[in-house]
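Bear in mind that the values in this text are calculations on the coordinates, not laboratory data. Values in this document were obtained by computation on a predicted structure and should not be read as measured data. So basically every Cβ, Gly included, is an ideal-geometry build from the backbone, and we count neighbours across all protein chains shown.
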Amino acid sequence: MTSEGTRKMSNTNEDKLLAQLQALIGRKSAPQQARDPVNQPSIRNWCDAIGEENPIYTDPDAAARSPYGEVVAPPAMLGVWTLAGNIPRLPDPDCPRSCAMKLLAEAGYRSTVGANTAEHYSRALKLGEQLSGTLSLVEVSDLKTTGLGSGYFLTALTEFTNQQGEAVGSWKFRTFHFKPRELTDEERAKQQARKEQLAKIPPHLRVRPRPAVMRETAFFWEGCQARELRIQQCGGCGRLSHPPVVRCPQCGSYDLRYQVASGKAKLYSFVEPVYPPMPFMRYPYIVGLVELAEGTRLLTNIVHCPPELVKIGMDLELVFDDTDPELILPMFRPAQPVRNTVTRRFEDVAVGEELPLWPIDVSTRLVVGGAIATRDFEDIHHEVAAAKRAGLKDLLMNVFTSNGLCSRYLSEWAGPDARVSGVDIRLGTPNVVGDTMTLSAAIADKQEVDGKGVITLSLRGSNSLGDHVTGSMTMELPMGANK
Amino acid sequence: MVMSFAGKTAIAGIGATDFSKNSGRSTLRLAVEACELAMKDAGVTPDMIDGMVTYAHDNNNEIDVCRSLGVDKLTHFSLVHHSGGAACGVVHQAAMAVASGACNYCLVWRAFNERSEERFGAGVQERPPAPTPMEVDFGWSSPFGLLTPASWVAMFAQRYMHEYGATSEDFGRVAVACRKHAANNPAAFFYGKPITLEEHQASRWIVKPLRLLDCCQESDGGQALLITTLDRARHLKSVPAVISSAVQGSCDDQQMMKSYYRQSITGIPEMKLCADQLYADTGLSAADIQAAVLYDHFTPLVLPQLEEFGFCKRGEARDFIKDGNIELGGRLPVNTHGGQIGEAYIHGLNGVAEGVRLVRGTSTNQPANVDHVLVTAATAVPTSAAILSRDS
């Protein structure tokens with residue numbers, strides 16, 4: 001068979017597959033009934049897992065004073081209610097998505113990755129509402145080739161109604177079903193060359209330069225090992241010095257001690273070294289000159305922050321980096337934002353306003369707790385071995401947890417009475433345990449819609465691998481004077 | 001306090017090797033060649049040389065230079081610290097030595113193969129952590145990946161941009177001016193190669209916010225000066241450049257390239273200390289200076305130098321530069337030889353030689369009516385500066 005023939009045959013097969021997939025468009029699944037009504041225990045578990053502390057979700061008294069007058073469910077839980085539990089349901093033979101995935105798997109497209117998620121929350125859900133979700137396939141792409149491989153994008157729309165048949169929201173999920181791509185010869189050669197180049201680097205240049213330590217500066221480095229940031233303090237007059245001195249220039253004392261820093265700081269200046277590349281550094285990186293709350297300055301790295309979002313004056317908090325087992329270094333990252341307890345008014349926010357960054361440590365507790373609280377029992381979210389089989393270093397955060405964190409981020413900035421009404425995000429690099437995702441957002445638009453103040457925020461969650469989520473969210477803010 | 005030797009000594013001879021990226025010879029040979037040319041320029045012979053002042057980072061000891069030059073006796077030899085910060089420090093030291101009578105004819109030089117052998121730009125990756133105070137100092141920066149001179153200077157630049165609204169283009173205009181001057185200097189590495197601001201903006205990042213064209217070259221080469229008393233210089237071959245004053249400066253919480261722990265890091269207090277001394281010694285002010293050679297290892301720190309010496313107000317150097325003041329024909333032509341950005345990076349000593357040419361009227365970019373020239377040494381380190389003047 002000629003190669004052209006193969007291509008023809010293959011094209012014919014692909015055309016047939018695409019036609020079969022397209023035939024499923026518009027078909028609806030049987031309505032999936034939620035096993036339980038919207039209920040307080042599930043909400044509480046979700047809030048615990050996501051760290052959501054808005055009292056309108058769990059405290060009847062606080063909720064009574066809110067615009068809803070009663071406890072409501074966090075909007076980002078919409079998709080959770082109708083999911084199966086840990087006991088899988090019998091597959092619905094009519095579900096167009098399942099049918100499509102079966103066709104794709106038979107054709108060799110067995111790998112799946114989430115590409116986009118868009119949710120619309122029409123209103124807040126109240127306790128006792130009984131949801132039902134009906135899924136339809138709304139879009140099938142042509143054969144596409146991405147960095148992952150070749151395959152098809154499927155878009156499924158789930159529409160949610162309550163027991164009265166009232167539409168309460170929808171969830172559009174776009175997934176990519178693909179055959180993993182094999183490396184080209186050129187890429188393989190490049191990879192090999194890089195490996196060989198790395199092997200040539202002498203061991204002492206694979207780690208960051210060690211600091212030289214003298215008797216009078218040892219306290220600082222010992223402090224790092226103990227995960228304390230120490231500032232030299234004169235035992236005589238209390239003066240703080242950094243870098244350390246051997247005699248207090250203010251009072252003349254040789255009795256030099258130290259104070260443990262609070263870990264709060266502001267960025268004073270920074271640089272981003274690019275060239276020449278140092279074999280022991282991971283690029284990009286930022287060297288920051290920070291002003292500690294105590295008043296002294298310190299050279300350090302600014303971590304958990306995309307370089308382009310680093311700004312002089314930003315609030316920072318201390319973290320210790322122990323990626324190098326012999327050298328624990330004090331580093332700084334964007335300070336955790338403070339939860340806002342007074343709701344922002346629509347009139348008081350401006351397009352272009354930037355939210356403070358929020359670094360979130362992707363811990364096993366967060367990933368597993370989040371997966372269970374969102375009824376996601378895929379093994380890559382709770383079984384490390386399964387995650388490793390999937391080529392990941394550790395457990396992977398599920399989409400609903402990411403969604404929940406994004407909602408929490410905006411809500412904590414906007415205040416308890418603001419309501420997230422929609423999410424439209426592109427899914428990128430995985431959030432793997434051990435990494436940190438930093439959320440950032442800015443107000444992209446504000447509109448009055450049907451007497452409601454609606455703001456659109458551009459949102460980004462980046463981790464060490466790139467952008468985990470990028471997209472936009474909409475939110476309703478109260479209008480007019482404070483009640 | 002006015003220095004007793006102010007105006008009583010002179011640079012009587014200058015000499016330099018070619019400036020290149022690969023000299024093809026030892027640094028000692030470069031030092032000796034430069035010294036020989038400086039002696040010839042002044043018309044002095046080896047038997048007259050009795051003093052030598054060197055840079056701490058220069059690897060060519062005076063005794064080795066003596067053996068090849070045929071200098072048999074030295075009555076003064078000393079060494080000035082802090083790299084490029086010593087550029088006018090060696091002049092200061094030599095002037096004191098000849099004024100005091102410690103010696104009569106003093107050579108100073110700087111020679112290295114900074115491009116083909118030991119590149120400073122490669123950064124400080126391989127420092128053994130021996131606990132000398134200098135190594136301990138590196139311990140506060142190197143583990144965080146702050147390893148190169150460009151990165152040390154970029155930290156000041158970022159803060160300067162933040163406080164005064166200066167931009168990368170403002171820094172770029174310094175490079176454009178230097179390269180414009182170098183383009184007309186046959187001794188410059190970038191002779192005939194001017195750049196545009198667009199080229200500066202398109203050049204790659206070295207350390208954000210610094211681009212490649214914000215950085216001086218790395219060069220091989222040697223430069224020497226012959227310093228003696230003004231009275232003696234008047235009887236030598238070439239027109240003397242009077243050392244109206246040469247001073248050093250180091251200030252509070254001074255660090256090598258990383259004086260980041262001061263109240264403000266957008267000024268250069270050690271340069272201000274030099275300015276105050278120079279103006280006190282000479283009775284001159286910024287208004288009396290017709291040209292300047294300002295140390296330009298990296299463009300951003302040229303701006304606060306203009307401010308510290310009073311050529312413009314604090315934070316306004318970018319406007320001063322934008323208005324064309326530092327170019328030939330402007331209020332204060334700066335780095336008429338092309339600077340270290342355009343001519344060569346010889347730790348600032350080539351800038352002192354240009355100061356001499358400006359006073360003699362022999363610069364390839366000679367402004368009219370130059371009576372006094374300001375020359376500065378490296379910024380961000382303990383530094384030095386001089387005012388060279390026409391012999392009246």
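General remarks:
- Residue exposure proxy: A:Cys234, B:Cys274, ordered by other Cβ atoms within 10 angstrom of their Cβ from fewest to most, comes out as A:Cys234, B:Cys274.
- Once the C-beta distance of B:Lys237 and B:Arg262 is scaled by a Förster radius of 30 Å, the resulting FRET efficiency is 0.05 to the nearest 0.05.
- Inter-label distance, nm, simple model (7 Å from Cα along the C-beta direction), A:Ala62/A:Asp424: 3.2 nm
- Computed from phi, the 3J(HN,Hα) profile of the range A:472-478 under the Karplus parametrisation 6.51, -1.76, 1.60 (θ = phi - 60°) reads 9, 9, 10, 8, 9, 10, x Hz, with x in place of Gly and Pro.
- Less than 5 angstrom separates the built amide H of A:Lys446 from those of A:Thr456, all sequence-distant by 5 or more or on a different chain.
- Simple point charges give the picture: +1 on the Cβ of Lys and Arg, -1 on the Cβ of Asp and Glu, and for the protein assembly as shown a dipole about the Cα centre of about 920 debye.
- Close amide H pairs (under 5 Å, H built 1.01 Å from N) link A:Thr436 with A:Val362, A:Ser464, residues at least 5 positions away or on another chain.
- Shown in residue order for the range A:164-173 are the 3J(HN,Hα) couplings computed by the Karplus curve 6.51 cos²θ - 1.76 cosθ + 1.60 at θ = phi - 60°: 8, x, 6, 5, 10, x, 8, 9, 10, 10 Hz (x for Gly and Pro).
- Per-residue Cβ neighbour rank within 10 angstrom, fewest leading, B:Ile14, A:Ile87: A:Ile87, B:Ile14
- About the Cα centre, charge dipole magnitude for the range A:338-482 (Lys/Arg +1, Asp/Glu -1 at Cβ), debye: 280 debye
- Among residues other than A:Ser150 with Cβ under 9 Å from its Cβ, the summed charge is +3 (Lys and Arg +1, Asp and Glu -1).
- Between the range A:387-420 and the range B:211-255, the alpha-carbon center distance in angstrom: 62 Å
- Cα-based equivalent ellipsoid of the range B:1-150: semi-axis lengths in Å, sorted from largest, via gyration tensor: 31, 20, 13
- Database note for chain A: Cys without another Cys beta carbon under 4.7 angstrom, A:Cys47, A:Cys95, A:Cys99, A:Cys224, A:Cys305, A:Cys406.
- Adding -39500 (n - 2.57) for every DSSP H run of four residues or longer, then dividing by how many residues the protein assembly as shown holds, sets the calculated 222 nm ellipticity at -8000 deg cm²/dmol.
- Computed log10 I(q)/I(0) for the range A:338-482 at 0.10, 0.13, 0.18 Å⁻¹: -0.37, -0.59, -0.98, from the Debye equation with unit scatterers placed on every C-alpha and solvent omitted.
- Part-to-part distance (alpha-carbon centres) for the range B:84-118 and the range A:221-240, which is given in Å: 42 Å
- Net charge over other residues, Cβ less than 13 angstrom from the Cβ of B:Lys237 (K, R count +1; D, E count -1): +3
- For the pair A:Ser253 and A:Arg215 in one chain, pulling the backbone fully straight at 0.36 nm per residue adds 12.0 nm over the alpha carbon distance.
- Rounded Å value of the spacing that divides the Cα centres of the range B:1-80 and the range A:151-217: 59 Å
- Rounded to the nearest 10 degrees, the angle from helix A:96-106 to the longest Cα principal axis of chain A is 80 degrees.
- Between the helical axis of A:3-22 and the longest alpha-carbon principal axis of chain A there is an angle of about 80 degrees.
- Per the Cα gyration tensor, the range A:167-315 maps to an equivalent ellipsoid with semi-axes of 43, 26, 13 Å, ordered largest to smallest.
- Exposure proxy ranking, count of Cβ atoms within 10 Å, fewest first, for B:Met256, A:Met397: B:Met256, A:Met397
- Think of the protein assembly as shown as having a plus end and a minus end, set by charges on the Cβ of Lys, Arg, Asp and Glu; of B:Ala377, B:Cys106, A:Ser98, A:Ser98 sits farthest toward the positive end of this dipole.
- Cα-centre dipole for chain B with unit charges at Cβ (Lys and Arg positive, Asp and Glu negative), debye to 20: 440 debye
- Cα convex hull volume per residue for the protein assembly as shown (Å³): 215 Å³
- Added length on full extension, which subtracts the Cα-Cα distance from 0.36 nm per residue, A:Glu317 to A:Glu106: 70.8 nm
- Close amide H partners of A:Gly422, meaning residues 5 or more places away or on another chain with modelled amide H under 5 Å apart, are A:Tyr121, A:Thr474.
- Under the Karplus curve 6.51 cos²θ - 1.76 cosθ + 1.60, θ = phi - 60°, whole-Hz ³J(HN,Hα) for the range B:329-342, x wherever Gly or Pro sits: x, x, 4, 9, x, 10, 6, 5, 7, x, x, 6, 6, x
- The range A:233-335 gives an Rg/Rh value of 1.04, both radii derived from C-alpha positions and Rh following Kirkwood.
- Normalised by residue count, the range A:126-254 yields a Cα convex hull volume of 286 Å³ per residue.
- From the C-alpha gyration tensor of chain B, square roots of 5λ in Å: 30, 24, 20
- Set the Cα radius of gyration of chain A against 2.2 N^0.38 Å, with N its number of residues, and you get 1.15.
- Whether the range A:376-433 is rounded, prolate or oblate, judged on the alpha carbon gyration tensor where a/c under 1.5 counts as rounded: prolate
- Helix axis angle, A:399-414 relative to chain A longest principal axis, alpha carbon, degrees: 60 degrees
- Local electrostatic count at B:Arg357 - Lys and Arg +1, Asp and Glu -1, tallied over other residues with Cβ under 13 Å: -1
- As a calculated quantity, the FRET efficiency between A:Met479 and A:Ile25 at R0 = 45 Å, using C-beta atoms, amounts to about 0.65.
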